[in-house]
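The values are calculated or read from the model by the stated rules, or taken from the named source; none is laboratory data. Treat the numbers as computed from the prediction; the structure is a model and nothing was measured. Cβ: placed from backbone, ideal geometry, glycine included. Neighbour counts: every protein chain shown. Note: accessible area is taken over every heavy atom of the protein model, side chains too, but ligands, DNA and RNA are not part of it. Shrake-Rupley method; radii C 1.70, N 1.55, O 1.52, S 1.80 Å.
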Amino acid sequence: DPLAEISPRERQVLSLMAEGRSNHAIATELVVTERAVEKHVTSIFTKLGLEPAETDHRRVLAVLRYLEDREE
């Protein structure tokens, strides 16, 4: 399960992404820099195997996986 590889902080970031928050809003909520949020988001994409693609929106795909995991 790729979500099992996500750190607790990355899970917080992913949870806030699922609420529709921007990187700026996530940074404010977690009291970190936007650059730190960007690093967490990139790590989440990597751990979930979400490579950059012109046809897919990785942020949406990551949130969908997170929400699917919560339903189980």
Within the accessible area of the chain (1.4 Å probe), percent carbon and sulfur: 49
Residue-by-residue Karplus 3J(HN,Hα) for the range 11-19, coefficients 6.51, -1.76, 1.60, Hz, glycine and proline x: 5, 4, 4, 5, 4, 5, 4, 5, 7
Helix-only [θ]222 nm of the chain, DSSP H runs n ≥ 4, -39500 (n - 2.57) each, per residue, nearest 500: -20000 deg cm²/dmol
Bins of 5 Å from zero: percent of alpha-carbon pairs in the chain: 3, 18, 30, 26, 17, 6, 1
Added length on full extension, which subtracts the Cα-Cα distance from 0.36 nm per residue, residue 39 to residue 51: 2.8 nm
Under 15 Å, Cβ to Cβ, from residue 69 - net charge with Lys/Arg +1 and Asp/Glu -1: -2
Net charge contributed by nearby residues that have their C-beta within less than 13 Å of residue 30 (K/R +1, D/E -1): 0
Length-normalised contact order of the range 1-59 in % [C-alpha pairs under 8 Å, at least 6 apart]: 38
Nearest-ten-degree value, helix 34-47 long axis tilted from longest Cα axis of the chain: 10
Net charge of Cβ neighbours under 11 Å - reference residue 10; Lys, Arg +1; Asp, Glu -1: +3
Mean accessible surface per residue for the chain, computed with a 1.4 Å probe while every protein chain stays in place, in Å²: 66
